[in-house]
């Protein structure tokens with residue numbers, strides 16, 4: 001995607017469309033999201049794919065709960 005965006009910056013979107021076989025509107029959206037593409041893992045097929053974690057702080061909360069449980073010295 002980044003190489004197509006770079007090529008389209010040197011030429012026109014329609015030239016990149018013809019060369020790579022990707023619709024110009026898709027190349028245009030890649031232009032808009034170029035900063036996100038640069039930050040993404042180069043080996044990933046989809047950016048922001050999958051569901052977000054339902055409870056992202058669960059490990060931290062579990063550690064706190066265990067520490068409290070140990071301090072209370074319950075069986």
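Structure data summary
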{"quantity": "Computed label-point distance, nm, for sites residue 31 and residue 70 using a 7 Å Cα→Cβ extension", "calculated": "5.7 nm"}
{"quantity": "R0 of 35 Å, Cβ-Cβ distance residue 38-residue 63: FRET efficiency to nearest 0.05", "calculated": "0.50"}
{"quantity": "Whole-percent pair-distance distribution, where bins are 10 Å wide, for the alpha carbons of the range 1-42", "calculated": "33, 55, 12"}
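Each reported figure results from applying straightforward, stated rules to the coordinates on display, with no laboratory input. What you see is a predicted model; the values in this text were computed from it and never measured. Cβ coordinates were reconstructed from backbone atoms using ideal geometry, including for glycine residues, and neighbour counts include every protein chain displayed.
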